[in-house]
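Q: Dropping the structure in here first, questions after.
The values are calculated or read from the model by the stated rules, or taken from the named source; none is laboratory data. Predicted model only: the values in this text are computed from it and were never measured. So basically every Cβ, Gly included, is an ideal-geometry build from the backbone, and we count neighbours across all protein chains shown. Keep in mind that these areas ignore ligands, DNA and RNA; they rest on the heavy atoms of the full protein, side chains included. Shrake-Rupley method; radii C 1.70, N 1.55, O 1.52, S 1.80 Å.
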Amino acid sequence: MSQSEEVSMASGSTNRFFASLWTCLLAGSLLLVNCILVRVEAAKGDANPSVKPGDDFYGYANGEWLAHVSLPAGQHTYDNRIMMAEKTRDRVRELIQESAAAHVPSGSVAQKVGDYYASFTNEADIEAKGFAPLTDEMGRISAIANRSTLSAYLGTTLIREVDGLTANSDHVFGVWVNQGFEDADHNLPHLWQGGLGLTESGRYLDSSPQAVELRVKYQAHVAAVLRLAGLADSDTRATSTVRLETSIARAFAPDSDAADVFKQNNPWKRGDFDRKAPGIDWDAYFQSAGLAKLSSFLVWQPSAVIGVSALVGSEDIEAWKDYLRFHLIEHYAQVLPKAVRTEGSNFYGEILSGGAEAPDRVDEAIDATNGALGEAVGQLYTERYFSGDAKRRAQAMARDLVTAYRGRIANLTWMSPSTREKALAKLAALEIDVGYPDTWIDYSTLKIVPNDAFGNMKRAEGFYHERDLAKLNQPVNPVEWPLNVQVPGAVIMFSPNAEFFSAAILQPPYFDAEGDSASNYGSAGAGMAHEITHSFDELGNIYDARGRLRMWWSDEDRSRFHREAEKLAVQLDGYCPFADLCLKGKQVLGESVADLAGLLVAHDAYVLSLKGKADVVIDGFTGEQRFFRAFAQRWRRVQNETALRKQITTDTHPPGEYRSDTVRNIDAWYKAFKVAPSDKLYLKPDARVRVW
Ligand SMILES: [Zn+2]
């Protein structure tokens, strides 16, 4: 899944699916929360009232903040998102460590979280066990004697991938259970390519000196890992392992295919595997993978399935066994002796990623605990930091946003009447979840114990695998959360047709559950509406109301949309932060249209939330003023010149100042701040762009 700049996973990616039921959004207005007018001091204090809003709205709203925030050492950028991520990470660390230290009831969520973390940080115990935890599985690899037993073993390595964009480096195929591309009624196994330690096929096939050098270092790393595990002839084994991976790399689908979801829509019947991809004993494979009874699959990269299967038929079985031994150790490296972890961080951290410092064990343990018990940590997080009232308030805002959207879509001129109908149906079906799930994952059958880091990790993997297999027999669940609520982010799932905004993204300065409503709508509301827009723009227009892959715009809609959007591109082209560098309107157009739509819709929603009453004045600022000021504050950011230039040349999101300048297109902003034709940001009414 992908994360957009201001929220997170989704915007950039069309690699998703979709479908949906429709529930909470239209659930009535009982939960609407009145404006509680407190906590506006910080927002006011960040502004610089000596700047004229009509001349420099970003500077007006953020002047004090910009004057007093400096770049943390070693960072090139600092903004709200980074600040929220740091703050949330500290909170999560504290919660996990408290759970580890507390005497909590056995079997409780806190016990599992605490013991997972504690076992992970018990390095003496991990060291004492050495490679013993791998003995059984190493034995199974050694027992591989022919293509059938090799196929059966490979089947046991088919474990879950979190989503469609994760490169799985440890096993040849990954599986994700989700509805079909064209079937919103059934969950299907989606199979992905994988199994490359260097993750990208180009790193094996590129003939540049850098790539050649990387492969030499990788082979040395493979040899070192095998040697640490006590295997003789590690250099020979490493040579054949890298050779096998290079053959797998040749079967990988081209990187360019990843952006085209239609290329991934390859339904295969069970019999297709035998017919199209000979080599693997597919009966043995699917039997041990737990998928023997299934008849329908979605194969994202057929070339990889065909190619890997052929290699199972053609390559030396001993080479496969060394490959499997190496990846088994790599997969569990974090819960194996320190020598293996150090070897891994040297190679992957320094050589592959260019990072310098070895990872901190506590950080690794926090990440691992979040990874294995994400919704357990999420329960602890929301109990302390995101109440039921906060959720109800965010839900009320989401409902207002949807109502506002309905009005916008109904009046769109660039959509034909039949397209508008489809858009309204898709909006009605859109599931928007905020804060945290109504139903958490039930971890009661997952046993987590102190002093068994390896066992805990393995049992957690097995728990999710069983859960995935069970899902294959269950109806599609459009409200299954694809991200942890303790991560500041949002996810658009085009399939199912759903969007998720985590508790951690719904915190100040974006959203204050006990704070000023106008500011919440201007900041978090505009951000949520931005993401909702993507379900209806050129990212979402290939997925229908139930998340099926189906284009619902006509060619005429598209050309009318582009005619409207072009005006915004021209406006953006005119922003030149450096004498030699201006924004490229086309490059940032999709995100800027979403910013514009987000702001228009959030403002409509804010007005709706007042139910015809006037908002109160706080510290001399009207609700309208606080709404727009919060929007401009959403985008504040300090960054050095190199980072700013890089953003302008490569990013699909404009720099914060120009996102803030979206206000120039909104009539209400002119009224709120009495912006006059003589002001620098003034646009004549007919030069203001709408699109939505
Ligand atoms: Zn976006």
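Q: Among the candidates Asp573, Asp555, which residue alone is charged (D, E, K, R) and more than 19 Å from Pro655 (Cα to Cα)?
A: Just one listed residue meets the conditions, Asp555.
Q: If I ask for residues that are among the aliphatic types (A, V, I, L, M) and either more than 16 Å from the chain's Cα centre (by Cα) or under 30 Å from Trp65 (Cα atoms) (or both), which ones from the range 480-517 would you list?
A: Scanning the range 480-517 gives Val485, Val487, Ala490, Val491, Ala503, Ala504, Ile505, Leu506, Ala513.
Q: (1) open to solvent by 10 Å² or more (accessible area, probe 1.4 Å); (2) closer than 30 Å to Gly455 by Cα; (3) aliphatic (A, V, I, L, M): which one isn't true of Ile329, the others all being true?
A: With respect to (1) open to solvent by 10 Å² or more (accessible area, probe 1.4 Å); (2) closer than 30 Å to Gly455 by Cα; (3) aliphatic (A, V, I, L, M), Ile329 is out only on (1).
Q: Out of everything in the range 475-503 that is of a type in the set (Phe, Trp, Tyr), buried (at least 24 other Cβ atoms within 10 Å of the Cβ) and in contact with a helix residue (DSSP H, G or I) (Cβ under 9 Å, 6 or more places away or on another chain), what residue ends up being farthest from Ala376 (Cα to Cα)?
A: The residue in question is Phe494.
Condition check ((1) assigned to a helix (DSSP H, G or I); (2) crowded, with 19+ Cβ neighbours inside 10 Å; (3) basic (Lys, Arg); (4) within 16 Å of the ligand (Cβ to nearest atom)) across all residues:
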site: Ile505; (1), (2), (3), (4): no, yes, no, yes
site: Gly522; (1), (2), (3), (4): yes, yes, no, no
site: Ala545; (1), (2), (3), (4): no, yes, no, no
site: Trp552; (1), (2), (3), (4): no, yes, no, no
site: Glu566; (1), (2), (3), (4): yes, no, no, no
site: Leu600; (1), (2), (3), (4): yes, yes, no, yes
site: Ala605; (1), (2), (3), (4): yes, yes, no, no
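Q: Which of the numbered conditions does Arg147 fail, given that it passes all the others? Conditions: (1) within 25 Å of the chain's Cα centre (by Cα); (2) of a type outside the set (S, T, N, Q); (3) open to solvent by 10 Å² or more (accessible area, probe 1.4 Å).
A: (1)
Q: Name, by its number, the condition in (1) open to solvent by 60 Å² or more (accessible area, probe 1.4 Å); (2) out of contact with any Gly (no Cβ under 7 Å at 6 or more places or on another chain); (3) within 23 Å of Pro577 (Cα to Cα) that does not hold for Thr652.
A: It is condition (2) that Thr652 fails.
Each row is one residue, and each column tells you yes or no for (1) closer than 30 Å to Val113 by Cβ; (2) assigned to a helix (DSSP H, G or I); (3) out of contact with any Lys or Arg (no Cβ under 9 Å at 6 or more places or on another chain).
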site: Thr403; (1), (2), (3): no, yes, yes
site: Gly407; (1), (2), (3): no, yes, yes
site: Met415; (1), (2), (3): no, no, no
site: Ser418; (1), (2), (3): no, yes, yes
site: Lys422; (1), (2), (3): no, yes, yes
site: Trp440; (1), (2), (3): yes, no, yes
site: Thr445; (1), (2), (3): yes, no, yes
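Q: When you check His562 against the structure, is it within 30 Å of Arg645 (Cβ to Cβ) and either surrounded by fewer than 24 Cβ atoms within 10 Å (Cβ to Cβ) or of a type in the set (Asp, Glu) (or both), yes or no?
A: In short, yes.
Q: Can I ask one more? Filter the range 241-281 for residues that are within 30 Å of the chain's Cα centre (by Cα), among the hydrophobic types (A, V, I, L, M, F, W, C) and farther than 21 Å from Phe326 by Cβ and give the result.
A: Ala253, Ala258, Ala259, Val261, Phe262, Trp268
Q: Return yes or no: is Asp537 under 24 Å from Met397 (Cα atoms), touching a helix residue (DSSP H, G or I) at 6+ places or on another chain (Cβ under 9 Å), within 16 Å of the ligand (Cβ to nearest atom) and acidic (Asp, Glu)?
A: When the stated conditions are applied, Asp537 passes them.
Q: Moving on to the next point. Take the range 613-632 and flag every residue that is loosely packed, with under 15 Cβ neighbours inside 10 Å and either of a type in the set (D, E, K, R) or at pLDDT 95 or above (or both).
A: Across the range 613-632, the qualifying residues are Lys613, Val617, Asp619.
Q: Follow-up. For the range 661-688, name all the residues that are out of contact with any His (no Cβ under 9 Å at 6 or more places or on another chain), buried (at least 17 other Cβ atoms within 10 Å of the Cβ) and part of a helix (DSSP H, G or I).
A: Of everything in the range 661-688, those that are out of contact with any His (no Cβ under 9 Å at 6 or more places or on another chain), buried (at least 17 other Cβ atoms within 10 Å of the Cβ) and part of a helix (DSSP H, G or I) turn out to be Asp661, Thr662, Val663, Arg664, Asn665, Tyr670, Ala672.
Q: Taking the range 199-241 only, how many residues are open to solvent by 80 Å² or more (accessible area, probe 1.4 Å), in contact (Cβ under 8 Å) with a residue 12 or more places away in the chain and in a loop (DSSP other than H, G, I, E, B)?
A: Summing the residues that are open to solvent by 80 Å² or more (accessible area, probe 1.4 Å), in contact (Cβ under 8 Å) with a residue 12 or more places away in the chain and in a loop (DSSP other than H, G, I, E, B) in the range 199-241 gives 1.
Q: Look through Leu589, Leu596 and report the one residue that is within 16 Å of the ligand (Cβ to nearest atom), within 22 Å of Trp669 (Cβ to Cβ) and open to solvent by less than 10 Å² (accessible area, probe 1.4 Å).
A: Residue meeting the stated conditions: Leu596.
Q: On to the next question. Quick one: how many residues across the range 570-586 are more than 16 Å from the ligand (Cβ to nearest atom) and either assigned to a helix (DSSP H, G or I) or among the aromatic types (Phe, Trp, Tyr) (or both)?
A: So the answer is 5.
Q: To continue, here is another question. Tell me, please, whether a residue that is touching a Pro at 6+ places or on another chain (Cβ under 7 Å), within 16 Å of the ligand (Cβ to nearest atom) and at pLDDT 95 or above can be found in the range 657-672.
A: No - not one qualifying residue is present in the range 657-672.
Q: For the range 598-613, name all the residues that are within 11 Å of Ala404 (Cβ to Cβ) and charged (D, E, K, R).
A: Asp604
Q: Out of (1) open to solvent by 40 Å² or more (accessible area, probe 1.4 Å); (2) touching a strand residue (DSSP E or B) at 6+ places or on another chain (Cβ under 7 Å), what's the single condition that is false for Ile351?
A: All conditions are met except number (2).
Q: Within the set of pairs 6 or more residues apart or between chains, which connect a residue that is within 20 Å of Thr77 (Cβ to Cβ) inside the range 652-673 to a residue that is of a type in the set (Gly, Ala, Ser) and more than 16 Å from the ligand (Cβ to nearest atom) with Cβ atoms less than 8 Å apart?
A: From the range 652-673, the pairs are Ser660/Ala61; Ser660/Ala632.
Q: Ok, one more. Go through the range 322-385 and tell me which helices (runs of 4 or more DSSP H), entirely inside it, have 2 or more residues that are touching a residue at least 12 places away in the same chain (Cβ under 8 Å) and of a type in the set (Phe, Trp, Tyr).
A: 374-385
Q: Something else now. So which pairs qualify, if the first residue must be in the range 66-86 and in contact (Cβ under 8 Å) with a residue 40 or more places away in the chain and outside any helix (DSSP H, G or I), the second must be of a type in the set (Val, Ile, Thr) and open to solvent by 60 Å² or more (accessible area, probe 1.4 Å), the Cβ gap must be under 9 Å, and the two must be at least 6 apart or on different chains?
A: From residues that are in contact (Cβ under 8 Å) with a residue 40 or more places away in the chain and outside any helix (DSSP H, G or I), the pairs are His76/Thr642.
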